[in-house]
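The values are calculated or read from the model by the stated rules, or taken from the named source; none is laboratory data. Nothing here was measured: the structure is a model prediction, and the numbers come from that model. Ideal geometry is used to build each Cβ from the backbone, glycine not excepted, and the neighbour counts take in all protein chains shown. Remember, those area values only see protein heavy atoms, side chains included, never the ligands or the DNA or RNA. Shrake-Rupley method; radii C 1.70, N 1.55, O 1.52, S 1.80 Å.
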Amino acid sequence: MTPDEYVEAVLALVERIPPGRAMSYGAVADALAERSGRASARLVGSIMARHGGGVPWHRVVNAAGRLPPGHERAARTRLRAEGCPMRGDRVDLTAAAWSPEEGMRP
């Protein structure tokens, strides 16, 4: 998978995250690792910062549920409007975590 294809794969996966759910940068990287040969949460974060404006960027948080740096207020507003489980100012990933396999279940 080329770097451009990886960017597209990350964005396509983020686009599939349902409203009210979230994934960590690491979970996105892990979900694509087998196909891409990459497994870097930092790379996913960089891709989201550069190219994520057209996808539901607010649904991707760090492993502790912290919201995207510099965009906390907008992300919090969007997540709460979607009914995403929160613990204070963080996403409750134990309740909100989503994986692509969920979308494949009958």
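For the criterion of being in contact (Cβ under 8 Å) with a residue 40 or more places away in the chain and at positive phi, Gly54 fails. Scanning the range 55-77 for residues that are over 19 Å from Pro100 (Cα atoms) and of a type outside the set (A, V, I, L, M, F, W, C) turns up Arg66, Pro68, Pro69, Gly70, His71, Glu72, Arg73, Arg76, Thr77.
Of the helices (runs of 4 or more DSSP H) lying entirely inside the chain, those carrying at least 3 residues that are charged (D, E, K, R) and either open to solvent by 60 Å² or more (accessible area, probe 1.4 Å) or modelled with pLDDT under 95 (or both) are 3-16, 25-36, 72-82. Suppose the filter is of a type in the set (D, E, K, R) and more than 13 Å from the chain's Cα centre (by Cα); does Glu15 pass it? Criteria not met by Glu15. Scanning the range 3-59 for residues that are among the polar types (S, T, N, Q) and in contact with a helix residue (DSSP H, G or I) (Cβ under 8 Å, 6 or more places away or on another chain) yields Ser24, Ser36, Ser40.
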